[in-house]
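A.B. asks: Structure incoming, see below.
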Amino acid sequence: LLGTETWRTVNDRAGAGSQEDALLKAARSGDAAAMERLLGQYETGLLSLSKGVLGRAEDAEDAVQETYLRALRSLGGFRGGSAFKTWLYRIALNVCLEWKRARRPVETLTDERVQTMNGPAPDVLSRMRMASALASLMPRHRAVILLRELHGFSVAEIAETMRWPQNRVQNELYKARKALAEWRRREDQEGERI
Amino acid sequence: MSCQRISRLISQSQDRSLSVEEQRAVREHVASCEDCHRLSDTSAGLAAGFQYLAAGVPSKRLAERAVTRWTSEAASRQMGRPNRPAVWMGVAVAAAAAMTLFLVTRPTLREGRPPRGTATASLSPHGAKGLGANAPGGQNSIPRRPNHPAVPPLVHSLRSLHTPETGGHVHEAVPSAPNRPVGDMKYVNGDLAQFAQRWGRLTPDDTASLQRQGDKLVRRGDDFVLVPFPALASRDERSVRAAVAAYKQEKEVIDARLARKVTLGVKGMAFSDLCEQLSRDTGIELMAGKTTADDKVTIFCKEKPLRDVMRQVTRVFGFAWRRSGEAGSYRYELAQDLRSQLMEEEMRSKDRNEALIALDREMERYRKYLGLSPEEAKKRAESASPEEKELLEQYSGRGWGPANLYFNLAPEEMNALRSGERLSFSAWQVGGERAMPAELERGIIQSQSDVRVSGTADTGYRVRHVKEGGEGALPSAVPEARAKAALSMDRGEVGRFTLHGTSGIAVPGREGGRNSIDMGLPLGVGESPSVRSPKNASANAKLASDPSLKAKVNIKPQPSVKLERDPLVPPHPDESDRGENSGARATSADVMEAIHKASGMDVIADYYTKFYVPAEISCTGATLFAGLSQISDRMRTRWSKQEGWLQLRSTGFFNDRLQEVPTRLLRSWAAARKDKGHLGVDELIEMAQLADAQLDAAAAGLGARAQHGLVEWELVHNGNLRAYWRFMGSLSTGQRATLMSASGLSLDKLRPSIQERFVATVIPRTELAGMGWVDLSNATLKLEYQPPVVPASAPADAKYLARFTCVVGVGGRGRWLATVEPFRRSASQVP
């Protein structure tokens, strides 16, 4: 059973890869529908990544739009040296990090969806805390921690996306986690004071 | 290991597997180091914590938008335009349109046409003049000019070619440019968004949303006539050029034959028949497609160009004419495209939702009484205001159980109720009944104060209503009595929901049986906006000063139908026949005829089978404006005046359409009846295949009987019988004959799928409810049908008109377990 399960997973992945290759080929030849499908499959992931890095949903949408446009303009030059996904995420992170540099003073810690949440209070607080924690990180740390924890990228995939050596990825992940633990310590202390 | 080394290992443990030694070292260190413990704890919870970023991220179609933008940029680059990345979606359409125009016009530049700015007059293949404007130089010279009007050339090229000189028509929808020529298809086919806002009162947002849906669905189709321009921009150059050229050519066609004049006086005529008549009268081939053939229309007009009549049809109905064939012998087909169908579905859905909300509001009236027992409610009713008293009396009696159940329903039960399922509750839970909530048991039994229980536990109990001579103990005094109740949402008329509730008791009868009694009542009614008054006077306020509507008129429709009480349905014993469904009646077509006669104006209206008391839809000495508004309000129609025509549309047309029975079917059944003197089983089976909305509509039944003589309508209208007729529709001719023979049809001889259908659709409506496959093996089905020959020739011994029976037994020793006689009449009751 285990073997069957494994085989199926591998087979599915192969299928998904070949499907993406076909889409990529069609998109390069100017097929608009293929472009939409190729890019559209990463929309949710890119939006969540951008929102995590930029802090605001509306900025995230703009960033993903810009990412797509850059990707479309460069699609002809994409030779498949890396996976399309990591290539696209790299563009997205470049956009986000550029914007962070350009708009350094602007930092919104709250998420508009949090503000309009009608869910139970603990859930809202948890989200607000996570948004706040994320905002305390440097942009590049946000990027790597989100790629790893939210998107499940391996260290190697992050290295490919960020064009860093794997050692550096591990180091940045460590720093990000340490910073988050430190944020939590401060939060706990403030909570005690209150 | 140092704290720093451990903390790195903690971080790495999230990304790779640590060795056994590393794991032990980390474990031991974390147990004693608060900072590392916090790091470990924090790191482990990050993946879950960040999920909020991904949760519920809605699709923004960003990829689609980006591709559209990129495509327009690419097109601009192709044409030598500088990129304008700052201009986004709003410009994309115009850019796409500009590109498509350019692609079409570019060949003419290559062919050495005169330079831009030189007006040219070219003769179309059909002899019409079109205005064109060409650009100077080659393809690169146009776009580089700043503020170059990219769109106008396209607009000019497509706004062809109706001019008075060519026998065409001025497009009245563009008042600022009255002489601007318009092609046939643009002229006769209206704008769907405007249609929805006029007749359906959809907001612009709704319309835009629907258009987006429609656009998305048809976007990738090959029929370029229907494809909007922005989508075309994403095609390759050659396809775009060909598509736009075809589109342009189609737009430019003028069919001079459409100027032929027609005079019409048709009342409630199906479009299939109207097209046939117009084809005969004008020699132009017109036909109604499947989506429109059965819709009915009333038109009164004198000497109008066929083109105008076609245009009015699209204005009122939201349909579109499609042209095919060759120049000089074009064919026209009236169709309702997908976008229009979606829009109608949206109207229906909104209407239904509003009716449900209204019903829920009605039910909220009971909420404040929920804590009261039946006795407490009855006591409170004694000192309540008249309005509250009525409600409290209802609540303290039969309504107590259903009202409390309604507010106790789980979401899935509420959904089931709204989708038409009857929800039955009892402590015994037989035949698909749900468990009765224990806290309601006592209250429901107490509320049955007009029921008496007689007998004993040993001999079995009997229950009877006091009005039927019931004697004995109150149900609350019989320990074995159990409560039962049910809720159902009746949608007899589309646009109106009635929540029915029943409550009663069940007691043990003889031989392990169960005797029960329950009675029902309507708890609340929810009406959708479509059945409310459309308030025409205020909706048409801007037309109040129209001189043509100020004339004093007398509108007196002549009734064309005489309704008679259904001979197959005796009056309810509790109600006197108030004559609501008998006497002379006018149809909406009669009203249109009266309006046409009184005003002399051309009139077009939809037609749905509805009957009005003539006095209620007449007016004397009122202005045409006031008369139209008053009569239209009473008929629940909206009226409007456009291009000299009076247009009327039912406020609930989207629902009415579902209820209307096609004329062709009514005619064929009426013909069969005329031949045989009655309707046979085959016709009844065919009639039962109509949709429930059609068979449930009271007006449809009245019309079928009064206008087509189909007195058997009740046999398919009856919900129990309908299931049998429909089941019989799945049998072969031979099987039907066997079913009607003395020996009957063995259920085992049917295909499994048909057996399943019988068990699923028929059995639940009978006393055999709850029986399954195994129980019904060896069952024999029979149909005995005695046509209700009206008035006097029914067989003297007829005890029923249609009786379905199901014999269930084993090895030939069957006994009649159930006889389903949902419709029983003695011969004397048939007039």
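A.B. asks: (1) within 30 Å of residue B:660 (Cβ to Cβ); (2) surrounded by fewer than 19 Cβ atoms within 10 Å (Cβ to Cβ); (3) modelled with pLDDT under 55; (4) away from chain A (no Cβ under 14 Å): which one isn't true of residue B:280, the others all being true?
C.D. replies: Status for residue B:280: all satisfied but (3).
A.B. asks: What is the one condition in (1) touching a strand residue (DSSP E or B) at 6+ places or on another chain (Cβ under 9 Å); (2) polar (S, T, N, Q); (3) over 21 Å from residue B:590 (Cβ atoms) that residue B:655 does not satisfy?
C.D. replies: In the conditions (1) touching a strand residue (DSSP E or B) at 6+ places or on another chain (Cβ under 9 Å); (2) polar (S, T, N, Q); (3) over 21 Å from residue B:590 (Cβ atoms), residue B:655 misses (1) alone.
A.B. asks: Scanning for something surrounded by fewer than 19 Cβ atoms within 10 Å (Cβ to Cβ), of a type in the set (Gly, Ala, Ser) and under 30 Å from residue B:509 (Cβ atoms), does segment B:397-412 turn up at least one residue?
C.D. replies: Applying the first criterion (surrounded by fewer than 19 Cβ atoms within 10 Å (Cβ to Cβ)) to segment B:397-412 yields B:407-412.
If we keep only those that are of a type in the set (Gly, Ala, Ser) as well, we get B:410.
If we keep only those that are under 30 Å from residue B:509 (Cβ atoms) too, we end up with none.
The answer is no; no qualifying residue exists.
A.B. asks: Can you pull out every residue in segment B:256-277 that is of a type outside the set (A, V, I, L, M, F, W, C), surrounded by fewer than 21 Cβ atoms within 10 Å (Cβ to Cβ) and not in a helix (DSSP H, G or I)?
C.D. replies: B:260, B:261, B:263, B:265, B:267
A.B. asks: Within segment B:437-458, track down each residue that is in contact with a helix residue (DSSP H, G or I) (Cβ under 8 Å, 6 or more places away or on another chain) and part of a loop (DSSP other than H, G, I, E, B).
C.D. replies: Answer for segment B:437-458, where residues must be in contact with a helix residue (DSSP H, G or I) (Cβ under 8 Å, 6 or more places away or on another chain) and part of a loop (DSSP other than H, G, I, E, B): B:437, B:448, B:449, B:450.
A.B. asks: Limited to segment B:6-17, what total is found for residues that are over 15 Å from residue A:167 (Cα atoms) and surrounded by fewer than 15 Cβ atoms within 10 Å (Cβ to Cβ)?
C.D. replies: Final tally of qualifying residues: 1.
A.B. asks: Still on this structure: Considering only residues that are of a type in the set (A, V, I, L, M) and buried (at least 21 other Cβ atoms within 10 Å of the Cβ), look in segment A:156-170 and name the one that is nearest to residue B:13 (Cα to Cα). Walk me through it before giving the result.
C.D. replies: Here is the first cut: in segment A:156-170, the residues of a type in the set (A, V, I, L, M) are A:156, A:158-159, A:162, A:169.
Within this subset, residues satisfying the condition of being buried (at least 21 other Cβ atoms within 10 Å of the Cβ) are A:158, A:162, A:169.
Details: A:158: 16, A:162: 21, A:169: 14 Å.
Per the criteria, the residue is A:169.
Residues checked against (1) assigned to a strand (DSSP E or B); (2) over 24 Å from residue B:637 (Cα atoms):
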residue	(1), (2)
B:300	yes, no
B:308	no, no
B:322	yes, yes
B:328	no, yes
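A.B. asks: From the set of residues in segment A:127-143 that are touching a Ser or Thr at 6+ places or on another chain (Cβ under 9 Å), more than 9 Å from chain B (Cβ to nearest Cβ) and crowded, with 17+ Cβ neighbours inside 10 Å, which is modelled with the highest pLDDT?
C.D. replies: Across segment A:127-143, the extreme among qualifying residues is A:143.
A.B. asks: Can you tell me how many residues within segment B:4-48 are under 27 Å from residue A:153 (Cβ atoms), away from chain A (no Cβ under 14 Å) and either among the hydroxyl-bearing types (Ser, Thr, Tyr) or touching a residue at least 40 places away in the same chain (Cβ under 8 Å) (or both)?
C.D. replies: 1
A.B. asks: Still on this structure: Limited to segment B:668-688, what total is found for residues that are among the aliphatic types (A, V, I, L, M) and more than 19 Å from residue B:736 (Cβ to Cβ)?
C.D. replies: Adding up the residues that qualify gives 2.
A.B. asks: Continuing with this model, one more query. Go through B:591, B:613 for me and flag whichever is under 19 Å from residue B:699 (Cα atoms) and modelled with pLDDT of 95 or more.
C.D. replies: B:591
A.B. asks: Moving on to the next point. Which fully enclosed strands (runs of 3 or more DSSP E) of segment B:611-715 have 3 or more residues being surrounded by 18 or more Cβ atoms within 10 Å (Cβ to Cβ) and in contact (Cβ under 8 Å) with a residue 40 or more places away in the chain? Lay out the reasoning, then the answer.
C.D. replies: Details: elements: B:619-623, B:637-642, B:645-650.
In segment B:611-715, the matching strands (runs of 3 or more DSSP E) lie at B:637-642, B:645-650.
A.B. asks: Among the residues of segment A:32-59, write down those that are facing another protein chain (nearest Cβ under 9 Å) and aliphatic (A, V, I, L, M). Quick ask: steps written out before the conclusion?
C.D. replies: Taking segment A:32-59 as the starting set, the residues that turn out to be facing another protein chain (nearest Cβ under 9 Å) are A:32-33, A:35-49, A:51-52, A:57.
Passing the criteria: A:32, A:33, A:35, A:38, A:39, A:46, A:47, A:49, A:57.
A.B. asks: Considering only segment B:468-490, state which residues are under 43 Å from the mean Cα position of the chain (by Cα) and either closer than 21 Å to residue B:401 by Cα or crowded, with 18+ Cβ neighbours inside 10 Å (or both). If you could, list the steps in order and put the result at the bottom.
C.D. replies: In the first step, residues of segment B:468-490 are kept if they are under 43 Å from the mean Cα position of the chain (by Cα); the result is B:468, B:482-490.
Within segment B:468-490, B:482, B:483, B:484, B:485, B:486, B:487, B:488, B:489, B:490 meet the criteria.
A.B. asks: Also, quick follow-up: Could you list, in sequence order, all residues of segment B:716-738 that are farther than 17 Å from residue B:761 by Cα and assigned to a helix (DSSP H, G or I)?
C.D. replies: B:733, B:734, B:735, B:736, B:737, B:738
A.B. asks: Still on this structure, I have one more. How many of the residues in segment B:685-711 are at pLDDT below 90 and farther than 25 Å from residue B:589 by Cβ?
C.D. replies: Of the residues in that region, 1 qualify.
A.B. asks: Among A:146, A:173, which is more than 17 Å from residue B:16 (Cβ to Cβ), touching a residue at least 12 places away in the same chain (Cβ under 8 Å) and surrounded by 19 or more Cβ atoms within 10 Å (Cβ to Cβ)? Steps first, please.
C.D. replies: On the way: A:173 fails: more than 17 Å from residue B:16 (Cβ to Cβ).
Within the list A:146, A:173, the selection yields A:146.
A.B. asks: Out of all the residues in segment A:166-186, which are more than 9 Å from chain B (Cβ to nearest Cβ) and farther than 16 Å from residue A:136 by Cβ?
C.D. replies: A:166, A:167, A:168
A.B. asks: Where residues in segment B:291-344 are hydroxyl-bearing (Ser, Thr, Tyr) and crowded, with 18+ Cβ neighbours inside 10 Å, which of them is farthest from residue B:188 (Cα to Cα)?
C.D. replies: Residue satisfying both the conditions and the ranking: B:298.
A.B. asks: So in segment A:15-31, with the set limited to residues that are farther than 16 Å from residue A:80 by Cβ and more than 7 Å from chain B (Cβ to nearest Cβ), which one is surrounded by the fewest Cβ atoms within 10 Å (Cβ to Cβ)?
C.D. replies: A:15
The values are calculated or read from the model by the stated rules, or taken from the named source; none is laboratory data. Worth saying up front: this structure is predicted, and the values here are computed from it rather than measured. Using ideal geometry, Cβ is built from the backbone for each residue, glycine included, and neighbour counts are taken over all protein chains shown.
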